[in-house]
Amino acid sequence: MKEEFRARMLQIHFGERDKWKGKPLHEAIVAKCRDLEILGVIVYRGIEGYGTSTRIRHSSHWKLSQDAPIMLSVIDRQEQIAKLVPYLDEMVNEGLIATSDVDAIRFFRPEDARPRA
């Protein structure tokens, strides 16, 4: 089946070393998105980049210590994204969040569909 709708996309940028309650931050955010039944989230691990601190973060096979840039892309309806934002306010200590309105197309099997408000 196919569903088309207006959605909101968050792109959350931070470093691989960032943690939330001892857990990698990206894992904690993905878990929270799942708890909130957000439609989609994906984690990207970058090669190199910088954010608000202008400290260059990079990934390297030659270094023991890595602090690669991480970006999460989160997409759902505005109401669902609004539920996530207060948690991000708590969880993200240093980073950058970009938001945009997007046209979303969701493909799914009828047996996998959960009712959405």
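Coordinate-derived values only; no laboratory data. Source: prediction; values computed, not measured. Positions of Cβ are backbone-derived with ideal geometry, glycine not excepted, and every protein chain shown enters the neighbour counts.
Assorted remarks:
- Partners of LYS32 within straight-line reach, counting lysines whose Cα lies under 30 Å from its Cα and excluding those fewer than 8 residues away in the same chain: LYS2, LYS19, LYS21, LYS23, LYS83.
- Sequence-distant residues sharing a close amide H with ARG8 (under 5 Å, placed H): ASP76, ARG77, GLN78, VAL102
- Here, the range 1-52 yields an orientationally averaged convex hull projection of 5.4 nm² when only Cα atoms define the hull.
- Global geometry of the range 2-109, whether rounded, prolate or oblate, following the gyration tensor of its Cα atoms and the 1.5 cut on a/c: prolate
- Per-peptide packing, taken as the mean over residues of other Cβ atoms within 10 Å, places 96-103, 77-84, 18-25, 6-13 in the sequence 6-13, 77-84, 18-25, 96-103 from highest down.
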